[in-house]
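Bear in mind that the values in this text are calculations on the coordinates, not laboratory data. Predicted model only: the values in this text are computed from it and were never measured. Every residue, glycine as well, gets a Cβ built from its backbone with ideal geometry; the counts of neighbours run over all protein chains shown.
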Amino acid sequence: MNCKNKQKNRYVNSVVIVAVLLTATLFAVTASPVAGAKEFVQPTYEFSTNYYDAYGEPDLYVSVIGDTEFERGETAQVRVVLSNRGVLYGFKAKTYVDTENGDHAKSLKELEYELLRTTAFGLKTEMVSTTDYIEVDPITSIQTLESLYPGVLPDDPMSFAITISDNAPAGTYMLLLPVSYEFQSEVEMTDGSIVRLGLPDLDHTTFYKTRNTTLQIPVIVEPAAKFVVSDVEGELTSGQSGVINVTYTNVGEIEASDAFARIVVMKPLSSDKSAVNLGNIAPGESKTASFDLAADISAVEKDYGIDSEIKYRDEDGDLQFSDNIIVEVPLKSRDAGISITTLAIAGILLMVAYMGYNTLRKAKKAK
């Protein structure tokens, strides 16, 4: 072949390659996979010819569906979508062919197979928490995808269950999503010798590489007022009424406006007034509520746990309720100091003394 014909053939090859490149993106997004992931043991290099090397790999991203802000103590589903933005940058010819033999058709077919280089196969993900304040449900922590094509989103999002600790400080936390996958690193066209392997219909062979990447998912714990009981003063006596002073402290990050403390008492305790106005409680501030309580005569001597809560309005003016707060109230029996037996004996002794005194006085008068 003379120099002029060679230049002509190279020009034709260049036009064909450019045309393939222009349609690569559209093909990768809309077409069905030309070749599946590893369906059998791949033949070795000695049975195939590499006409082109393709450049580009899968490029994975993650996005969250819905709100990423959660409250303390909340158990929620984090729904995420993996996307592939891999781009095929180009090709490099590895084996020279001309347009007048069957190798040219094979080389063009290899270009078609090379388009799958940016597809991720056999994806495995595992959501990992980087803090003790957020727990990922181990049942949902590991999920898989068979494949992920560039520009094509999965049919269903991945859903991971998480639980936010009641003690989690407000702020942004990062959940990690390690992803492992495979992509085709090389495609080569086979020849007639592949029949010896019992694969007469296999016109190409594909070689794969493994990649690992770690994606990040931000989770925001919303600032809120949070209350604890910092002090309890007073005690109750069975059969009597008393005042219990309960001090609440706002250990949260925002002010609680128009706050009311409420207690819920059950027998053997009772209260005529169960709610007390505390006003506004700034972060770090404490307010004391005084509750009038009564205890039945049959109340057993011990510490009673009384349920309480704070009702307040947040920064947006919305009505909020705190978590249940336990107030420990000590109660003692009315006869804890002097027993009934002791009182009875004391009464008998007083009666004996009184009768003896009267007898002695009468005897003196008789004389």
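Worth pointing out:
- Kirkwood Rh in Å, taken over all unlike Cα pairs in the range 120-166: 12.3 Å
- Farthest toward positive dipole pole in the range 227-332 [+1 Lys/Arg, -1 Asp/Glu at C-beta], among Ile306, Leu331, Ser286: Leu331
- Distance histogram in 5 Å bins (all Cα pairs of the range 160-306, percent per bin): 2, 7, 11, 10, 8, 8, 7, 6, 5, 4, 4, 4, 3, 3, 3, 4, 4, 3, 2, 1, 0
- Proxy reagent accessibility, fewest Cβ within 10 Å first, across Tyr173, Tyr61, Tyr51: Tyr61, Tyr173, Tyr51
- When each of Ser308, Ser147 is scored by the number of other beta-carbon atoms lying within 10 Å, the sequence from fewest to most is Ser147, Ser308.
- Shape box of the range 50-159 [Cα atoms, principal axes, largest first, Å]: 72, 22, 20
- Which of Ser270, Ser129 has the fewest Cβ neighbours within 10 Å, and the rest in rising order: Ser270, Ser129
- Cα-derived Rg over Rh, computed across the range 244-301 with Rh taken as Kirkwood radius: 1.10
- The per residue volume of the convex hull around the alpha-carbon atoms of the range 227-332 is 78 Å³.
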